[in-house]
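*Asks:* Let me begin by handing over the structure; questions about it come next.
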Amino acid sequence: MESFKSAPHRIACDAATIYSKLTNPSLVKAQIEAHADQIDDEARRHLDTVKFNENSIAIESPMGEVTLSLDPEQSIDGQRVVYTASMSPVPINMVINLDSQQDGSTMSTAELQLQLPFFLRKMVEGQLQEGANRFGELLARIPFDRL
């Protein structure tokens with residue numbers, strides 16, 4: 001399985017709170033809707049391709065819409081949130097790693113894990129790395145302590 005990780009980002013919130021919010025995507029949706037006027041145009045264009053539901057996130061991709069559902073068996077409370085694609089042409093996991101810091105903040109990394117055929121990997125690896133980076137940046141901007 002190929003892995004594309006974002007750079008680590010500091011989030012000014014404890015890992016347990018972030019975990020509880022990320023395992024309930026509808027809270028993220030409500031926060032985005034409440035603060036839509038504060039989101040810059042580029043971020044809004046990317047958010048327009050994402051739908052947050054109660055236990056899943058649907059993302060518009062070059063392969064069509066991919067629905068990622070919370071995977072409680074792979075998720076670890078306060079440390080790791082895993083969403084797994086259902087009905088995808090290739091196995092896909094979206095992983096959010098959380099590392100608690102002594103000052104009460106959290107370092108997070110977003111990771112896309114895919115099982116791609118070799119010839120396809122070379123065609124899309126740049127886009128997948130960019131997607132992981134943008135998702136990592138998006139996570140760092142979410143005010144988890146106010147959700």
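*Asks:* How would you classify the range 81-147 from its alpha-carbon gyration tensor, with a ≥ b ≥ c the square roots of the eigenvalues: rounded for a/c under 1.5, else prolate if a/b is greater than b/c, otherwise oblate?
*Replies:* prolate
*Asks:* Between Glu33, Glu65, Glu111, which gets the highest mean-square fluctuation from a Gaussian network model of the chain, Cα cutoff 10 Å?
*Replies:* Its mean-square fluctuation being the largest, the pick is Glu33.
*Asks:* May I ask you to evaluate 6.51 cos²θ - 1.76 cosθ + 1.60, the Karplus curve with θ = phi - 60°, for each residue of the range 133-142 and list the ³J(HN,Hα) values in order in whole Hz, giving x for glycine and proline?
*Replies:* 4, 5, 5, x, 5, 4, 4, 5, 8, 6
*Asks:* Using a 1.4 Å probe on the protein heavy atoms, what percent of the accessible area of the chain belongs to carbon and sulfur? Mind showing how you got there, number by number?
*Replies:* Values: 4250 of 8350 Å².
Taking all protein chains in place, the chain shows 51 percent carbon and sulfur surface.
*Asks:* Counting pairs of alpha carbon atoms under 8 Å apart in space and at least six apart in sequence, what relative contact order in percent does the range 78-146 give?
*Replies:* After rounding, I find 23 percent.
*Asks:* Moving to a separate point now. Only helical DSSP H runs with n ≥ 4 go in: add -39500 (n - 2.57) per run for the chain, normalise by residue count and round the 222 nm mean residue ellipticity to 500 deg cm²/dmol.
*Replies:* Calculated mean residue ellipticity at 222 nm is -10500 deg cm²/dmol.
*Asks:* Separate question: Between helix 25-34 and the chain, what is the angle of the helix's C-alpha long axis to the longest principal axis, kept within 0 to 90° and rounded to the nearest 10?
*Replies:* Roughly 70 degrees, rounded to the nearest 10.
*Asks:* Then there is this: Give the average over all directions of the projected area of the C-alpha convex hull of the chain, one decimal, in nm².
*Replies:* Result: a mean projected hull area of 8.4 nm².
*Asks:* Could you provide, to the nearest whole Å², the per residue accessible area of the range 47-116 with probe 1.4 Å?
*Replies:* Per-residue value: 52 Å².
*Asks:* On alpha-carbon atoms, Rg over Rh for the range 47-130 using Kirkwood Rh? Spell out each step's value before the answer.
*Replies:* Values: Rg = 14.2 Å, Rh = 14.1 Å.
Here Rg/Rh amounts to 1.01.
The values are calculated or read from the model by the stated rules, or taken from the named source; none is laboratory data. Only a predicted model underlies this, so the values are computations on that prediction, with no experimental measurement involved. Quick note on the areas: whole protein, heavy atoms, side chains included, nothing else; ligands and nucleic acids left out. Shrake-Rupley method; radii C 1.70, N 1.55, O 1.52, S 1.80 Å.
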